[in-house]
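Before any comments, here is the structure.
The values are calculated or read from the model by the stated rules, or taken from the named source; none is laboratory data. Just so it is clear, the structure is predicted and the values come from calculations on it, not from any experiment. So basically every Cβ, Gly included, is an ideal-geometry build from the backbone, and we count neighbours across all protein chains shown. Each accessible area value is taken on the protein alone, full model and side chains, heavy atoms only, with ligands, DNA and RNA left out. Shrake-Rupley method; radii C 1.70, N 1.55, O 1.52, S 1.80 Å.
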Amino acid sequence: MVERGSRRKAARKSGSRRKRRPEPKQRSAFARWMRRIFFFGAFAALMGVLFLGLAVLFASRSLPGYYELKAQQTGQTIVVRARDGTQIVELGPSYGEWLDAGEIPQVMKEAMISVEDRRYYSHYGVDPIGLARAVYVAATGDGRVSATSTITQQLARNVFLNSNRTMDRKMREAVLAMAMEYKFSKEQILELYLNKVYFGGGAYGIDSASRKFFSHPATELSVAEAAIIAGLVKAPSRYSPTADVDAAVGRAQVVLRLMREQGRISAADANVDPSTVNLRDDAAGQNSVRYFTDWALPQLDILLPETFEPIEVWTTLDVGMQRAATASIKANTPGGAQGAMVALDRDGAIRALVGGTDYVETNFNRATKAMRQPGSSWKLFVYLAALEAGYKPEDTVKDTQTTIEGWTPRNSGGGYSGEMSLRSAFAFSKNTVAAQLGNEVGFGTVASMARRFGITSEITTVPSMVLGSSEVRLLDMTRAFAAVSAGGRSVEPYGIVKVTTASGDTIYTHKKARQTKLVPDYVVAGITDLLQAAVATGTGKAAQIGRPVAGKTGTTSSNKDGYFVGFSSGITTGVWMGRDDNKAVSGLQGGRAPAQAFAAFMRYAVKDRPVEQFNTELDLPEWQLEPDDEVMFGDPSDYYYIDEQGNLIEPGGVGRANRLPGEGEGGVRDTGEDGAPQAASDDFLNRATGGATGGGTSQGSGGQSGQGVQSGQGGGASRPQPAPTQPAPQQPATGPATRPAAPPQQQAPAPQ
């Protein structure tokens, strides 16, 4: 029984195992599906390979030729040169000289392959081993696929594609890379890559990078220099030696280690110290020149016809003056404040332009864009208008409290000096006198004078405008003072002298701007006298440089802005200092830091120029001459006579109520000692000059029988006194400075 039961159990188990085995039909269906999957996969792979092969074939046929790729550039290069031809900055892509494969140092090739594509010579444009490793790292690491582009892929992307990180771009990049491998040799691809890859700072290609960072061509690269350049490709801005030397050296050490591990250099070469490499001193270009180029180069869109070829722009900038201006602003600008400076030559050429203390920190150009109040430097236009209206530097004015339309200006010290000369009032920047003058000549007249001298910003005509309440640009104010230095002729600032192409053809040449006379010479002489006094004895003493200087300080309320603008030996320089947020700067006054910065710069700017004395001689117009000055014209004995109505009395006339000049009793003309007829009788001359007369006094409505007027130089030609060219200004009601009236025609004294 037991044995029989055991057999049944064994039989059941055996039957159970037999039932689990797949039936032949089931095994056949599974095999069929596996074969289908295999054949389908193989077919898909074959079709994929075929499709990829066709894509690569068609792509290779559409690729430009090798020599076409050599000639391609991705942008326009602009080389900016100073007035002496020195290259001061290069903008846009720079390609350097093209180096053939045989000219490229082998160490440069090995460095680039080691760090960017170690299996360069064993793949066909795409590195499957590198791709598999990247996928494995991503699966076992943080999930991100690391960069897997080969040198050929990078070249394809740089030449034909963009840097978008999309699957579509990566697929096209792979196809183009394989097409390039099919069409070009490895040496050709490496040559194209090393001549076109971007290394930062606008440098494309190893020759441009070598010249930019080491100041020599790429054919002279050392092991350490090659390692530095090869390390830049990963992140040009981060590892640039001009931006971060430590980062560049650290990256170069990584490149040297990889080269040693891959057996491309010896252990001795791997131990070189990249930190000992002599980097190019970029101070020669100085970042402050970018303030100038930012202002000048946009003008090329107007000056030049459309062109995409490399160009060289020759400018007016003086490298030495630019350095001096930069150093002066940095040394004298108060902490927490900004400074700007513009220096113009007598023809308007900009020799130096600094728009801030550091271009890298802030590229806002305060010399050409910032709108700030000029303070008392604006009084230039007030006094120009006053001089044109008839004032002279030695005229007496009154520094006293005055109120105009409810506005009461106050002097810096709070006190008043009473009577003083116009020269002293300007030199010591008396606000009350400027207000009276502006009120007398008219605030609109002052605004018109500012417009005449090149101020382009909005100008208000409220009374406080005479103290510089209207905001202006430093460049415009400097231009106005330069016009005074130029003898009252207009000055047009310019920065570009000529533009040439890479082949040497000149496509633009600056033409001298037409100058117009802004004010008469006597006004220029007068304002120069005042400006010189302001530096010699007034608020601008800190601007003295040991030779004649004319200029004016400016300080706004609460010391928010400090100005000094002046000129000497043909150079006109304007300085501004203040905060960008328009907050007060403790101790900032135009006569301190700005004037000191002016002096520090000007000592260098004019050191090689001859000393020039200012012309302050007033050659006044006839209508403004005093009577004592007027009689100096011609011979004092040459007179003609007019009656009370201004009619000329001609000799020889008869039948008049009074005897004509020269006629004696009975119409007989008196004669002199030489027997010649006299111009007037003795009796007439006695009456006219107040002497003893031979008869009664002739009483006319005018109180005299004739008026003696000095004749012109020709003897007998009349010289009528011209009327003033400006209307007589109104006298303020608050006791303003007294303007001398234009003299009337000279008259003979009334007879006694």
Problem - Ser470 hydroxyl-bearing (Ser, Thr, Tyr), open to solvent by 10 Å² or more (accessible area, probe 1.4 Å) and either in contact with a helix residue (DSSP H, G or I) (Cβ under 8 Å, 6 or more places away or on another chain) or in contact (Cβ under 8 Å) with a residue 40 or more places away in the chain (or both) - result: no
Problem - Residues located in segment 447-500, provided they are basic (Lys, Arg), more than 19 Å from Lys511 (Cβ to Cβ) and in a helix (DSSP H, G or I) - result: Arg451, Arg452
Exercise for the section: Return the total of residues in segment 314-346 being of a type outside the set (A, V, I, L, M, F, W, C) and touching a Lys or Arg at 6+ places or on another chain (Cβ under 7 Å). Expected result: 6
Exercise for the section: State which residue pairs qualify: first residue farther than 15 Å from Gly488 by Cβ and open to solvent by 10 Å² or more (accessible area, probe 1.4 Å) and inside segment 526-538, second residue β-branched (Val, Ile, Thr) and modelled with pLDDT under 95 in any location, beta carbons under 8 Å apart, and separation of 6 or more residues or different chains. Expected result: Gln532/Thr616
Fill in the blank from the handout: Checked against (1) within 26 Å of the chain's Cα centre (by Cα); (2) farther than 30 Å from Ile311 by Cα; (3) open to solvent by less than 50 Å² (accessible area, probe 1.4 Å), Gly495 satisfies every condition except (2)
Practice task
Considering each residue of segment 417-438, count those that are polar (S, T, N, Q), assigned to a helix (DSSP H, G or I) and surrounded by 23 or more Cβ atoms within 10 Å (Cβ to Cβ), and give that number.
Solution key: 2
Problem - Residue satisfying all of: in segment 294-322; in a helix (DSSP H, G or I) and more than 15 Å from the chain's Cα centre (by Cα); surrounded by the most Cβ atoms within 10 Å (Cβ to Cβ) among these - result: Gly320
Practice task
State yes or no: is Arg118 open to solvent by 20 Å² or more (accessible area, probe 1.4 Å) and not in a helix (DSSP H, G or I)?
Solution key: yes
Practice task
Looking only at segment 501-520, count how many residues are crowded, with 16+ Cβ neighbours inside 10 Å and either farther than 24 Å from Gly85 by Cβ or over 21 Å from the mean Cα position of the chain (by Cα) (or both).
Solution key: 4
Handout entry: Among (1) open to solvent by 10 Å² or more (accessible area, probe 1.4 Å); (2) closer than 27 Å to Lys392 by Cβ; (3) of a type in the set (S, T, N, Q) - the single one Thr556 does not satisfy
Key = (2)
Exercise for the section: Could you give me the residue pairs with C-beta distances under 6 Å whose first residue belongs to segment 400-414 and is under 24 Å from Thr539 (Cα atoms) and aliphatic (A, V, I, L, M), whose second residue is open to solvent by less than 70 Å² (accessible area, probe 1.4 Å) and modelled with pLDDT of 95 or more wherever it lies, and which are 6+ apart or on separate chains? Expected result: none
Fill in the blank from the handout: When Tyr291 is run through (1) surrounded by fewer than 21 Cβ atoms within 10 Å (Cβ to Cβ); (2) not in a strand (DSSP E or B), the failure sits at (1)
